[in-house]
Amino acid sequence: MKLQDFGEFKLIDRIRQQVVNGAGVHRGIGDDAAVLSLPDGHHLLTSTDLLIEDVHFRHAWTDCEALGHKAVAVNLSDIAAMGGTPRYLYLGLACPGETDLDDIYAFTKGVLDEAERHNVTLVGGDTCRSPGPWMISVTIEGSAPAAQAIGRDGAQPGDLIMVSGTLGDSALALHLLQGGKTPEAELSGRHHQPTAQVALGRLLGEQRLAKSMIDISDGLASDLAHILQASQVDGFIEEDKLPLSSAFQQHSDTEPGLRELALYGGEDYQLLFTVAPEKAKAVAALGAELKLSITSIGVICEGSGALSLQDKAGAVRPILVRGYDHFCRS
Ligand code: ADP
Ligand code: MG
């Protein structure tokens with residue numbers, strides 16, 4: 001059946017029936033506004049992301065369920081990057097009337113499964129017809145104890161620069177897809193169904209281990225530059241230390257130019273954070289507890305926002321920041 005033969009209100013009602021309201025939800029989907037509460041002493045964290053067909057995704061390359069998963073995961077990642085706990089989700093969805101209902105169901109399944117996995121409740125949204133592309137707007141609300149949220153501006157000289165997981169896998173998958181190739185499952189999974197590092201972010205906040213943090217959405221260099229600029233410090237990283245998956249390593253051994261993707265590729269959704277050296281052991285213990293690799297890739301120095309890289313040969317060069325910018329082509 002087509003969406004236009006089913007209708008907006010039936011769709012909203014179907015979504016509503018699938019949602020189980022979690023703690024803190026006094027009124028969820030179905031009224032003019034959601035009525036929610038936060039644990040005592042917590043501050044509200046909110047973040048929103050747009051996903052536009054043919055800008056952020058292509059139906060030819062991704063299935064609708066993975067798309068729903070990703071729409072939520074990228075938002076969860078923003079709350080994780082503040083050291084918070086994600087709680088409430090809002091879904092704005094616009095698609096053409098001719099859209100197959102099964103595609104919508106698959107999409108909302110991806111959204112709801114990923115939300116549920118993190119104890120996040122879908123509490124509202126908006127649904128309308130699009131004259132062409134799918135447009136998805138996801139807003140997430142989370143919370144953190146007052147004064148515990150981790151900003152981009154807390155890095156200090158002497159801090160170690162750390163990153164979770166591996167870098168460049170998502171960008172490599174996209175690069176292969178754009179070249180008409182089929183990426184290995186390890187890579188395509190990282191692109192289509194990224195994992196937000198929610199537990200790591202929350203625990204880094206709770207244990208006050210990270211002084212500054214960001215999630216890597218635009219690429220390591222670009223997102224590290226945000227920390228450096230916000231904190232007014234310089235960063236020094238070593239190419240040899242960048243954590244790479246075995247699939248990434250194999251591709252970049254055959255085609256060394258691909259190594260750049262670990263620095264400049266986007267959509268890793270790993271956490272990038274800075275830590276006082278005396279806390280490095282506690283961070284390693286946290287990584288072991290979560291079964292997640294955490295790698296120290298460099299150090300923060302005095303300065304005003306510059307980033308430099310020591311390459312494999314030992315030469316140090318400044319890194320020009322060029323992450324993905326929606327409006328700049330160069
Ligand atoms: P309004 O006219 O006030 O926008 P709607 O009829 O659009 O109300 O929405 C009714 C209820 O359904 C509201 O609680 C709204 O938040 C919720 N809702 C609408 N679309 C979605 C969606 N895509 N996902 C989740 N909740 C939705
Ligand atoms: Mg509405």
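The values are calculated or read from the model by the stated rules, or taken from the named source; none is laboratory data. Everything quoted here is computed from the prediction, not taken from an experiment. Here the Cβ is made from the backbone with ideal geometry for all residues, glycine too, and neighbour counts use every protein chain on show.
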Problem set entry | Residue list for region 98-147, filter: away from ligand 2 (no atom under 16 Å from the Cβ), over 22 Å from Phe6 (Cα atoms) and either in a strand (DSSP E or B) or touching a Pro at 6+ places or on another chain (Cβ under 6 Å) (or both) | His118, Val120, Thr121, Ile140, Glu141, Gly142, Ser143, Ala144, Pro145
Seminar exercise, completed: Thr121 passes all but one of the listed conditions (1) within 11 Å of ligand 1 (Cβ to nearest atom); (2) within 23 Å of Phe57 (Cα to Cα); the exception is number (2)
Exercise. Taking region 1-34 on its own, how many of its residues are under 22 Å from Ala106 (Cα atoms), touching a residue at least 60 places away in the same chain (Cβ under 8 Å) and within 13 Å of ligand 2 (Cβ to nearest atom)?
Worked result: 5
For this session: Output the residue which, of all residues in region 106-118 that are within 11 Å of ligand 1 (Cβ to nearest atom) and farther than 12 Å from Leu93 by Cα, is surrounded by the fewest Cβ atoms within 10 Å (Cβ to Cβ).
Result: Leu112
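One line per residue, one yes/no per condition, for (1) more than 30 Å from Glu239 (Cβ to Cβ); (2) within 17 Å of the chain's Cα centre (by Cα); (3) at pLDDT 95 or above:
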| site | (1), (2), (3) |
| --- | --- |
| Met82 | no, yes, yes |
| Asp103 | yes, no, yes |
| Ala106 | yes, no, yes |
| Thr121 | yes, no, yes |
| Gly124 | yes, no, yes |
| Ala146 | yes, no, no |
| Gly158 | no, no, yes |
